[in-house]
Amino acid sequence: MTTTTERPRAAGSDFAELNRRINAAGLMRRRPGHYAVRLSLVTLALIAGWAAFLLVGASWWTLAVAVFLAVVNAQVALVAHDLAHRQVFRTNAPSARAGLLAGNLAIGMSYGYWMDKHTKHHANPNHDDLDPDVGPGVLVWSREAAAGKGFLARHQAWLFFPLLTLLGISLKRDSVRALLDKTVKRRRAEWALLGAHFAGYAAALLLVLTPAQALAFLVVHQALFGVYLGLTFAPNHKGMPHPDGTEDFFRKQVLTSRNVRGGWLTDVALGGLNYQIEHHLFPAMPTPNLRKAQPLVRDYCAEIGVPYEMTGLVESYRQALRHLHDVGADLRAGRAGG
């Protein structure tokens with residue numbers, strides 16, 4: 001295998017060479033058949049879930065339906081993710097229309113708000129100031145951001161999974177805020193579809209279930225949706241290095257990302273985001289091609305001496321939680337106030 005010593009290459013050309021190899025392998029080609037099947041199955045699952053909700057009616061068995069719909073909603077969110085990256089359709093118009101239906105109408109999340117947030121993340125993953133996914137919030141991801149924080153920051157590793165139960169509600173709240181702040185394009189369409197979701201969801205729960213069942217359904221459905229969604233994104237960057245701004249595109253994407261080992265079930269459960277390195281290097285690459293790209297990218301990283309992080313699913317969570325725990329170390333030791 002060619003090494004960096006044998007064939008020197010300027011850092012700025014590293015991605016260009018990999019891009020050439022990926023395109024030569026045909027891995028950027030569209031996969032319309034795959035997405036036709038995937039979108040059909042997810043749509044049918046969503047329809048089946050709400051049909052089951054109506055058939056079960058005012059029964060505590062409706063909580064089983066809530067669990068099923070939480071999983072389906074997370075799969076819809078993963079489809080919206082692929083739509084935002086134009087993996088499904090080549091142009092923006094059909095991608096945006098399908099994204100609005102998946103995000104706003106199906107799961108009650110502003111597609112425009114989320115796409116803007118996610119675009120900033122891709123441009124500067126794990127950057128303390130530029131990546132909204134690691135910006136100071138309920139959880140903090142650097143010791144600098146933790147300074148002066150209180151109980152949550154001290155014990156955030158233990159609180160991580162309980163806090164994920166609020167993620168679904170948080171996305172809805174942030175979506176409404178973004179629309180009110182007029183920071184989202186297509187505001188009329190976004191409002192109409194988001195309003196239709198909220199109205200339909202409330203009507204279904206209040207008209208079909210008893211008040212106690214409706215509350216229980218809401219809690220189970222939204223809590224598990226948040227946990228599943230959080231567990232899908234948590235392995236990708238949490239606990240990985242934070243860039244200092246001097247990295248070229250290739251290194252910025254590879255060094256801040258982590259892949260997760262697994263078979264087809266892992267691919268389905270995580271929506272292909274277990275190939276996070278390949279996805280960040282080639283965001284428009286169709287999800288089913290990421291598995292094929294993975295050995296090419298891994299071998300290329302070894303060829304030019306760039307670390308390539310890949311671990312098991314459980315270990316990825318362990319690393320993320322260990323990082324959260326370390327961030328709060330100074331606070332627990334009483335060295336940072338709060």
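The values are calculated or read from the model by the stated rules, or taken from the named source; none is laboratory data. Bear in mind the structure is a predicted one, so any value in this text is a computation, not a measurement. Please note: Cβ atoms are built from the backbone with ideal geometry, for glycine as well, and neighbour counts cover all protein chains shown.
Of the residues making up the stretch 280-338, those that are in contact (Cβ under 8 Å) with a residue 24 or more places away in the chain, among the hydrophobic types (A, V, I, L, M, F, W, C) and farther than 21 Å from Asp248 by Cβ are Met310, Leu313, Ala320, Leu321, Leu324, Val327, Ala329, Leu331, Ala336. Each residue in the stretch 58-86 was checked for being out of contact with any Lys or Arg (no Cβ under 8 Å at 6 or more places or on another chain) and farther than 30 Å from Ala212 by Cβ, and 8 pass. Might you check whether a residue that is touching a helix residue (DSSP H, G or I) at 6+ places or on another chain (Cβ under 7 Å), of a type outside the set (D, E, K, R), farther than 20 Å from Asp82 by Cβ and assigned to a helix (DSSP H, G or I) occurs anywhere in the stretch 24-47? No; the residues of the stretch 24-47 include none that is touching a helix residue (DSSP H, G or I) at 6+ places or on another chain (Cβ under 7 Å), of a type outside the set (D, E, K, R), farther than 20 Å from Asp82 by Cβ and assigned to a helix (DSSP H, G or I).
Return yes when Gly49 is over 26 Å from Gly112 (Cβ atoms) and modelled with pLDDT of 95 or more and no when it is not. Spelling it out, it is not the case that Gly49 is over 26 Å from Gly112 (Cβ atoms) and modelled with pLDDT of 95 or more. Listed here are the helices (runs of 4 or more DSSP H) enclosed by the stretch 239-312 that have at least 1 residues being in contact with a helix residue (DSSP H, G or I) (Cβ under 8 Å, 6 or more places away or on another chain), on the phi > 0 side of the Ramachandran plot and loosely packed, with under 15 Cβ neighbours inside 10 Å, and there are none. Going residue by residue through the stretch 72-79, is there one that turns out to be without any contact (Cβ under 8 Å) to a residue 12 or more places away in the chain and assigned to a helix (DSSP H, G or I)? Checked the stretch 72-79: no residue is without any contact (Cβ under 8 Å) to a residue 12 or more places away in the chain and assigned to a helix (DSSP H, G or I). Scanning the stretch 80-95 for residues that are assigned to a helix (DSSP H, G or I) and surrounded by fewer than 20 Cβ atoms within 10 Å (Cβ to Cβ) yields a total of 3. Applying the condition of being crowded, with 18+ Cβ neighbours inside 10 Å and in contact with a His (Cβ under 8 Å, 6 or more places away or on another chain) to the stretch 134-155 and asking which residue is modelled with the lowest pLDDT yields Trp141. Among the residues of the stretch 313-338, the ones that are crowded, with 18+ Cβ neighbours inside 10 Å and hydrophobic (A, V, I, L, M, F, W, C) come to 6 in all.
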